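Trainee: Pasting in a structure now, in structure tokens, and then I'll have a few things to ask.
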Number of protein chains: 2
Amino acid sequence: MTKKIIQPRTLSGFMELLPQDQITFNYLMDIIRNGYESFGFTPLDTPVLELSEVLLAKAGGETEKQIYAFTKGDTDLAMRFDLTVPLAKYVALNYSSLTFPFKRYQIGKVYRGERPQHGRFREFYQADIDIIGNEKLDILYDAEMPAVIYQTFLKMGLPSFTIHINNRKILSGFFEHLNCSDKITDILRIIDKADKIGLPAVKEELQKIGTPETNIKDILSFTKIKGTNDEILDSLKNLKIENENFALGLSELSAVVSAIRNQGVPEEYFHINLSIARGLDYYTGTVYETTLKDYPEVGSICSGGRYDNLAGFYTRQKLPGVGISIGLSRLFSQLKDKGLLPKTPKTLLKVLILPMDKDTSLSFELATNLRNQYIKTEVFLEQTKFKNKMNYANKIGVPFVAIIGEDEIKNRSATIKNMLTGEQQTVSIEDVHTLIK
Amino acid sequence: MTKKIIQPRTLSGFMELLPQDQITFNYLMDIIRNGYESFGFTPLDTPVLELSEVLLAKAGGETEKQIYAFTKGDTDLAMRFDLTVPLAKYVALNYSSLTFPFKRYQIGKVYRGERPQHGRFREFYQADIDIIGNEKLDILYDAEMPAVIYQTFLKMGLPSFTIHINNRKILSGFFEHLNCSDKITDILRIIDKADKIGLPAVKEELQKIGTPETNIKDILSFTKIKGTNDEILDSLKNLKIENENFALGLSELSAVVSAIRNQGVPEEYFHINLSIARGLDYYTGTVYETTLKDYPEVGSICSGGRYDNLAGFYTRQKLPGVGISIGLSRLFSQLKDKGLLPKTPKTLLKVLILPMDKDTSLSFELATNLRNQYIKTEVFLEQTKFKNKMNYANKIGVPFVAIIGEDEIKNRSATIKNMLTGEQQTVSIEDVHTLIK
């Protein structure tokens, strides 16, 4: 009688890593977590499942189609597709228990049933920070996002990157000024794709939606404003556009640029980019995108912006905020493809103890000693030939092996082999941790 | 025009914590993670969603009813209900890439649509370790589970606990010896409830399934064998039961007890308990349950055991293993109810900088300095009265406040207030980190 075997497989679009990659992934995630915490963001963990009615309060169009939603019993459920909607629910629900500005981070999996392409996932980690104000939130907080991201990406050892910033009010003010406010949403959507599709295609799309030729010219020359951050700010001033929104946006952007400098972010790491609009109806002020300088094809690895009201669907409290999100799974996958992942050890383990005698007590004593010194230690317990034991040590890639045989037991010592250099040395049990460190 | 407000709410049975509790929860999770890693377990992260066919290969009965399963497009999906089935799939799928014995840990959310009761969750964290052998796995690994759990729970500051151990072969051998092998499954299920329902109820249930009176007597006196670990082992030997399974189980249990001692687990922390059976068809040797000595009503907070074959549904490779799982969400919730949670700081933040001048550059310089010294630092950026700033500091519970006004900017200094003692001291920017540490 042969039992039926079910082919083991993992859903496509769902990342599942081998141990060595998982160690690298966790290393990056720990840097993000530490980076976020170092700026005073507090951890949050919301459910993966929410009531559909709650989660989809705002959703619509493309997003809604991608959502994993289902009914269990008589309850309509949906899996979260981002970490912002759950945050909005959380803040509205716990409003009276929270201290504002409320700075939280959340690193967790989100779900979107997109057609999986290379580097696109249906289950993926987002690593978000948001700062939520009660009724108001100072513009200076907008400069904290690039500061956190700069410090965090630097520690991750990413190749050179640029944090692009813009301000939605400048864009909307500019279009009001051109008297094409009725087309703002469409125009922003088209401009937002400028980096992807190129200016000729942008022009064509603007024509398609009926933008007058003079406006197209103005729009294109506007998004083409280039130079240093100060030069761009000057160019914007020199446009002498008399529009309240535009003026407000420009003053915000100037304040943010100056505060980003104050936060210690070097000039080459952040840049005003007037073609960035981010989404359609959510962001209302500063917007961010982050690209790898030498790998523009990767697209934005970290995006976000300022919004006027986080939780308007759940509460009448006005909760303005600013946030940014790292798409960690996608970033990991892209870095891996390009050979840009940081080199992390093959194993977290530092010492593998090989007991060569039936009496394992000294091996365990050493293991406990080392663990008390924060040295990750494993005792190999299969009874097999020495060769097989060393083979295991080699395969897992442990840096030190501690051999404890009859002689070592007699002398309360261990023979330590450095697996990288091949050096070998017998020392007292009490001295092993010093040797390893 | 008033917009419709959707009542923000979180699904019942889904844990969502306020910031202070989340900090404590993460503190416990970090101890578990570090504990697991210190013994050489490698991290793993499998998807929350799997193909139903794969995830439910083995499931049935009660488990299957509780599963969150649904169809998206033409794919039948299910949310994982434990971390063991995904491990089995993973090991079968990646068999040729893994090194055996394969020691992995996974801490993640699992989903069971139970009727939520107090302290029972539908979404909850499990924190698992397993050691998987290729064809064979030495019995000594069975002693590593109690050693890891002992060290981990100790570091978590749990109240006194007992790791109960038993061996399924002793049980099955004993019932074979009594000639009631045909009822083993039922009898084990009944015995397993002994601690919950009491011996009279056990007796009644044994009668109900038609166990002969003499057998009931033998079974009850068997499960009542008490004493020190050595006394119980002696009592078992003295039963002089001639049965291969019983003998093998007894020799395994003796070896495990002795190895647990070798691993440095004090005698009062682990105890042979012959009434523990754990599940029905999965475990084949050593089994574990862990209870809090002074809070037996909490039930088992950490359970597991030895199994002959992890992934028989996915591969013909024989993969014996041993594993144990901490039900973290439930443990957290029970500890909280009983006021037994470790005292963690109200915030992770160490220093809150209050800029009192428009010029914030020195504040940011100090913040960067402190963060480089691994001191978590936030700069408060709302422009408001000093009183409101201090109010924020008090509410979030930060231990130190650094005030930087006009004078401080002139002297490149900061006035540091210890929020616990009220002490205040003005020091040079360069000396702040020493004062804080």
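Trainee: Being of a type outside the set (A, V, I, L, M) and within 7 Å of chain A (Cβ to nearest Cβ) is the filter; apply it to region B:1-21 and report the residue that is farthest from B:I396 (Cα to Cα).
Mentor: Taking the candidates together, the pick is B:K3.
Trainee: Tell me, which residue of region B:53-75 that is in contact with a Ser or Thr (Cβ under 9 Å, 6 or more places away or on another chain) and within 24 Å of A:S329 (Cα to Cα) is surrounded by the fewest Cβ atoms within 10 Å (Cβ to Cβ)?
Mentor: Applying the filter and picking the extreme gives B:T75.
Trainee: Of all residues in region A:288-307, which are open to solvent by 50 Å² or more (accessible area, probe 1.4 Å), touching a helix residue (DSSP H, G or I) at 6+ places or on another chain (Cβ under 8 Å) and part of a helix (DSSP H, G or I)?
Mentor: A:P296
Trainee: Related question: Looking at region A:167-199, which of the residues that are part of a helix (DSSP H, G or I) and of a type in the set (S, T, N, Q) is farthest from A:G285 (Cα to Cα)?
Mentor: The selected residue is A:S181.
Trainee: I've got another one for you. Just checking, does region A:394-402 include any residue being over 30 Å from A:V298 (Cβ atoms), touching a residue at least 24 places away in the same chain (Cβ under 8 Å) and in a loop (DSSP other than H, G, I, E, B)?
Mentor: Yes; the residues of region A:394-402 include at least one that is over 30 Å from A:V298 (Cβ atoms), touching a residue at least 24 places away in the same chain (Cβ under 8 Å) and in a loop (DSSP other than H, G, I, E, B).
Trainee: Can you tell me how many residues within region A:308-328 are outside any strand (DSSP E or B) and either touching a helix residue (DSSP H, G or I) at 6+ places or on another chain (Cβ under 8 Å) or within 13 Å of chain B (Cβ to nearest Cβ) (or both)?
Mentor: 13
Trainee: Follow-up. Please enumerate the residues belonging to region B:116-155 that are open to solvent by less than 20 Å² (accessible area, probe 1.4 Å), in a loop (DSSP other than H, G, I, E, B) and out of contact with any strand residue (DSSP E or B) (no Cβ under 7 Å at 6 or more places or on another chain).
Mentor: Hit for region B:116-155 is B:G119, nothing else.
Trainee: Please work out if B:G397 is over 18 Å from A:K103 (Cα atoms), surrounded by 13 or more Cβ atoms within 10 Å (Cβ to Cβ) and either out of contact with any Phe, Trp or Tyr (no Cβ under 9 Å at 6 or more places or on another chain) or not aliphatic (A, V, I, L, M) (or both).
Mentor: Numbers: over 18 Å from A:K103 (Cα atoms): no; surrounded by 13 or more Cβ atoms within 10 Å (Cβ to Cβ): yes; either out of contact with any Phe, Trp or Tyr (no Cβ under 9 Å at 6 or more places or on another chain) or not aliphatic (A, V, I, L, M) (or both): yes.
Considered against the rule, which asks whether it is over 18 Å from A:K103 (Cα atoms), surrounded by 13 or more Cβ atoms within 10 Å (Cβ to Cβ) and either out of contact with any Phe, Trp or Tyr (no Cβ under 9 Å at 6 or more places or on another chain) or not aliphatic (A, V, I, L, M) (or both), B:G397 comes out as no.
Trainee: Could I ask something else about it? Of everything in region A:169-189, what is without any contact (Cβ under 8 Å) to a residue 40 or more places away in the chain and surrounded by fewer than 22 Cβ atoms within 10 Å (Cβ to Cβ)? Give them in sequence order.
Mentor: Of everything in region A:169-189, those that are without any contact (Cβ under 8 Å) to a residue 40 or more places away in the chain and surrounded by fewer than 22 Cβ atoms within 10 Å (Cβ to Cβ) turn out to be A:N179, A:C180, A:S181, A:D182, A:K183, A:I184, A:D186.
Trainee: Restricting the first residue to region A:128-153 and requiring it to be closer than 25 Å to A:T315 by Cβ, which pairs with a second residue that is part of a strand (DSSP E or B) and of a type in the set (D, E, K, R) meet a Cβ separation below 7 Å and a spacing of at least six or different chains?
Mentor: A:D130/A:R104; A:I131/A:K103; A:D142/A:R306
Trainee: In addition: How many residues are at the interface with another protein chain (Cβ under 9 Å from one of its Cβ atoms), over 18 Å from B:N134 (Cβ atoms) and touching a helix residue (DSSP H, G or I) at 6+ places or on another chain (Cβ under 7 Å) when one looks only at region A:371-405?
Mentor: 5
Trainee: Which members of region A:156-168 meet the condition of being of a type in the set (A, V, I, L, M, F, W, C) and either within 13 Å of the chain's Cα centre (by Cα) or open to solvent by 10 Å² or more (accessible area, probe 1.4 Å) (or both)?
Mentor: Just the residues of region A:156-168 that are of a type in the set (A, V, I, L, M, F, W, C), to begin with: A:156, A:158, A:161, A:163, A:165.
Those that are of a type in the set (A, V, I, L, M, F, W, C) and either within 13 Å of the chain's Cα centre (by Cα) or open to solvent by 10 Å² or more (accessible area, probe 1.4 Å) (or both): A:M156, A:L158.
Trainee: Could you list, in sequence order, the residues of region B:342-393 that are touching a residue at least 60 places away in the same chain (Cβ under 8 Å) and of a type in the set (S, T, Y)?
Mentor: Matches in region B:342-393: B:T344, B:T347.
Trainee: Report whether or not A:G40 is more than 8 Å from chain B (Cβ to nearest Cβ), within 22 Å of A:I324 (Cα to Cα), crowded, with 19+ Cβ neighbours inside 10 Å and small (G, A, S).
Mentor: Taking the combined requirement at face value, the residue does not satisfy it.
Trainee: So how many residues does region A:72-90 have that are within 8 Å of chain B (Cβ to nearest Cβ) and among the polar types (S, T, N, Q)?
Mentor: Qualifying residue count for the region: 1.
Trainee: If you don't mind, another one. Suppose we keep only residues that are at the interface with chain A (Cβ under 7 Å from one of its Cβ atoms) and within 16 Å of B:V48 (Cα to Cα) within region B:91-115. Which one would you say is surrounded by the most Cβ atoms within 10 Å (Cβ to Cβ)?
Mentor: B:K109
Trainee: With the checklist (1) among the hydroxyl-bearing types (S, T, Y); (2) more than 10 Å from chain B (Cβ to nearest Cβ); (3) open to solvent by 20 Å² or more (accessible area, probe 1.4 Å) in hand, flag the one item A:T24 doesn't pass.
Mentor: Result: A:T24 fails condition (3) only.
Trainee: Here are the criteria: (1) surrounded by fewer than 19 Cβ atoms within 10 Å (Cβ to Cβ); (2) modelled with pLDDT of 95 or more; (3) within 25 Å of B:L154 (Cβ to Cβ). Tell me which single one A:N388 does not satisfy.
Mentor: (3)
The values are calculated or read from the model by the stated rules, or taken from the named source; none is laboratory data. Quick caveat: nothing in here was measured; it's all calculated off a predicted structure. Here the Cβ is made from the backbone with ideal geometry for all residues, glycine too, and neighbour counts use every protein chain on show. The protein model used for the area step is the full one, side chains on, heavy atoms only, and it has no ligands, DNA or RNA in it. Shrake-Rupley method; radii C 1.70, N 1.55, O 1.52, S 1.80 Å.
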